[in-house]
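A.B. asks: This is the structure I have questions about; it appears just below.
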Amino acid sequence: MKAIDTFRHPAYKHNCAQAVANKWKELYADKNIVATYAPYVGGCAPGGLCGALFAAKEACPAHADEIEKLFAEKCGDTTCRGIKTLTKTPCAVCVQTADDLVEQFVK
C-alpha cells in the first residue's frame, strides 16, 4: 500500500503527515504514530513544513537534508504555505513525493 492510498480516504481519514507516517510506521519508535502526526497538517508541522515532508524527514533522519532538497525540487517549496500559495502543488503530489523519497532512501 502506498501512502496516497490512505490520504483523505474515508476509511482512514489520514492527513498528509499521517499518510506518510502510517506507510513507514516501522521506521518510527513511536507505535502510535498516526495519532502523533494528526496535528501536522495545514502548515502546523515544525517550521511550517509540509506535513508529508516532515514525516518523510522523520522517517529517514540520516537523509533529512537530501529529502528536503529533492522534495523542494519536485514540489516547488518545503513549507505548506509556499506550496499552497506559490507553487499550487496539490497535496496528493506532496504525499506521493514524500512517500517515494522515503522509499528511495530506505532501499
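The values are calculated or read from the model by the stated rules, or taken from the named source; none is laboratory data. Keep in mind the model is a prediction, meaning the values are calculated, not measured. Reconstructed Cβ throughout: ideal geometry from the backbone, glycine too, with neighbour counts over all protein chains shown. Ligands, DNA and RNA are excluded from the accessible area calculation, which covers all protein heavy atoms including side chains. Shrake-Rupley method; radii C 1.70, N 1.55, O 1.52, S 1.80 Å.
A.B. asks: Would you point out the residue of segment 22-37, among those that are in contact (Cβ under 8 Å) with a residue 12 or more places away in the chain and out of contact with any His (no Cβ under 9 Å at 6 or more places or on another chain), that is nearest to C80 (Cα to Cα)? Full working, then the answer.
C.D. replies: Restricting attention to segment 22-37, the residues satisfying the condition of being in contact (Cβ under 8 Å) with a residue 12 or more places away in the chain are 22-24, 27-28, 33-34, 36-37.
From the residues that got through so far, the ones that are out of contact with any His (no Cβ under 9 Å at 6 or more places or on another chain) too are 23-24, 27-28, 33, 36.
Numbers: K23: 20, W24: 21, L27: 24, Y28: 23, I33: 20, T36: 19 Å.
Only one residue fits best here, namely T36.
A.B. asks: Next question. Quick one: in segment 98-107, of everything that is under 15 Å from D65 (Cα atoms) and either polar (S, T, N, Q) or under 13 Å from the mean Cα position of the chain (by Cα) (or both), which residue is surrounded by the fewest Cβ atoms within 10 Å (Cβ to Cβ)?
C.D. replies: Taking segment 98-107 first, the residues under 15 Å from D65 (Cα atoms) are 98, 101-102, 104-106.
Still in the list and also either polar (S, T, N, Q) or under 13 Å from the mean Cα position of the chain (by Cα) (or both): 98, 101-102, 104.
Numbers: A98: 33, L101: 25, V102: 25, Q104: 13.
Of everything passing the filter in segment 98-107, Q104 is surrounded by the fewest Cβ atoms within 10 Å (Cβ to Cβ).
A.B. asks: Of the residues that sit in segment 10-21 and are farther than 21 Å from G82 by Cα and modelled with pLDDT of 95 or more, which one is surrounded by the most Cβ atoms within 10 Å (Cβ to Cβ)?
C.D. replies: Our first condition is that a residue be farther than 21 Å from G82 by Cα; within segment 10-21, this holds for 10-14, 21.
Narrowing further to those that are modelled with pLDDT of 95 or more: 14, 21.
Numbers: H14: 24, A21: 31.
Ranking the candidates gives A21 first.
A.B. asks: Out of segment 68-83, which residues are assigned to a helix (DSSP H, G or I) and surrounded by fewer than 24 Cβ atoms within 10 Å (Cβ to Cβ)? Before you say what the answer is, go through the steps one by one.
C.D. replies: In the first step, residues of segment 68-83 are kept if they are assigned to a helix (DSSP H, G or I); the result is 68-75, 80-83.
E68, K69, L70, A72, E73, K74, C75, R81, G82 - these are the residues of segment 68-83 that are assigned to a helix (DSSP H, G or I) and surrounded by fewer than 24 Cβ atoms within 10 Å (Cβ to Cβ).
A.B. asks: Across segment 50-67, what is the total count of residues that are surrounded by fewer than 18 Cβ atoms within 10 Å (Cβ to Cβ) and more than 16 Å from V106 (Cα to Cα)?
C.D. replies: 0
A.B. asks: With respect to G47, determine if the residue is part of a helix (DSSP H, G or I) and farther than 16 Å from A3 by Cβ. So that I can check it myself, show each step before the final result.
C.D. replies: Numbers: part of a helix (DSSP H, G or I): yes; farther than 16 Å from A3 by Cβ: yes.
Against the criterion (part of a helix (DSSP H, G or I) and farther than 16 Å from A3 by Cβ), G47 qualifies.
A.B. asks: Test G47 against the criterion of being open to solvent by 50 Å² or more (accessible area, probe 1.4 Å), touching a residue at least 24 places away in the same chain (Cβ under 8 Å) and small (G, A, S), and give yes or no.
C.D. replies: Details: open to solvent by 50 Å² or more (accessible area, probe 1.4 Å): yes; touching a residue at least 24 places away in the same chain (Cβ under 8 Å): yes; small (G, A, S): yes.
So G47 passes the test.
A.B. asks: Could we say that L86 is surrounded by fewer than 24 Cβ atoms within 10 Å (Cβ to Cβ), of a type in the set (A, V, I, L, M, F, W, C) and touching a residue at least 60 places away in the same chain (Cβ under 8 Å) here?
C.D. replies: Working: surrounded by fewer than 24 Cβ atoms within 10 Å (Cβ to Cβ): yes; of a type in the set (A, V, I, L, M, F, W, C): yes; touching a residue at least 60 places away in the same chain (Cβ under 8 Å): no.
No; evaluated as a whole, the condition is false for this residue.
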